[in-house]
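To keep things clear, I will list the structure first and then write my remarks on it.
The values are calculated or read from the model by the stated rules, or taken from the named source; none is laboratory data. Remember, predicted model here, so these are calculated numbers, not experimental data. In this analysis, Cβ positions are derived from the backbone assuming ideal geometry, glycine residues included, and neighbour counts consider all displayed protein chains. Side chains included, ligands, DNA and RNA excluded: accessible areas come from the protein's heavy atoms. Shrake-Rupley method; radii C 1.70, N 1.55, O 1.52, S 1.80 Å.
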Amino acid sequence: MKKIHTPLAREGYPFILFCCSITLIFVFLQYHLAAIAGLLITGFIISFFRDPERIGSDRADAVVSPADGKVILIKEVFDDRFTGNQALKI
């Protein structure tokens, strides 16, 4: 069976270690509800800072997203905040 390994972004380690240490303090002090909350928060932070391997396209004109997700709208709009021109909203 192949083991799945999803690396974490280096920037997340201080946050993860801080939350783990606070959670461990709650465990040792036997603050059960706070320890459970800390465990949930730590799990959320770990999932937030995951950095899976991505497979890009070989095409020179390809647009590659820096994040996971779905494109739910592609629309031409007038952008008055940044460009002052027509822009493509994705």
| request: Using per-residue counts of other Cβ atoms within 10 Å, averaged over each peptide, order 78-90, 7-19 from highest down. | output: 7-19, 78-90
| What residue among 24, 39, 73 shows peak mean-square fluctuation when the chain is described by a Gaussian network model with Cα springs under 10 Å? | 73
| query | For the chain, with every protein chain kept in place, what is the accessible area per residue (1.4 Å probe, Å²)? | reply | 95
| request: Would you mind calculating the gained length between residue 40 and residue 65 on full extension (0.36 nm times residue separation, minus the Cα-Cα distance), in nm to one decimal? | output: 6.2 nm
| note | Among (1) 13.0; (2) 17.2; (3) 13.9, the entry matching Kirkwood radius over Cα pairs in Å as calculated here is (2)
